[in-house]
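Every number here is computed from the coordinates shown, using simple stated rules; none is lab data. No experiment lies behind these values; they were computed from the predicted model shown. With ideal geometry, Cβ positions are generated from the backbone for all residues, glycine too; neighbour counts draw on all protein chains shown.
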Amino acid sequence: MAKTRNNPTASPPPTLGEGCLARYDPEALADTDGTDFPGAAELWQQLNPPDAASAPAAGAPAGTRTPAHPPADKSSK
């Protein structure tokens, strides 16, 4: 019996560069590649209302500075 599961049917478009500089080849891309999401801006506004970002932190009086978190790679000892 032939194994029909876990056989990918899609492949990524060709890339240019290596490592951190890798990117999709713009000449190999077509209008059918990628996604089309015309409602993205409206969804972003629904999920992230403008007043939520400008509201002060709960429990912190205006003008109060909070200490910064120490870098993750530094020990406090």
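A few remarks follow.
- The phi torsions of the stretch 25-42, fed into the Karplus equation with coefficients 6.51, -1.76 and 1.60 and a -60° offset, translate into couplings of 6, x, 6, 8, 7, 10, 5, 7, 7, x, 10, 10, 10, x, x, 4, 5, 5 Hz, rounded to whole numbers, with Gly and Pro shown as x.
- Two-site FRET efficiency, residue 24 against residue 44, from Cβ-Cβ distance with R₀ of 30 Å, rounded to 0.05: 0.80
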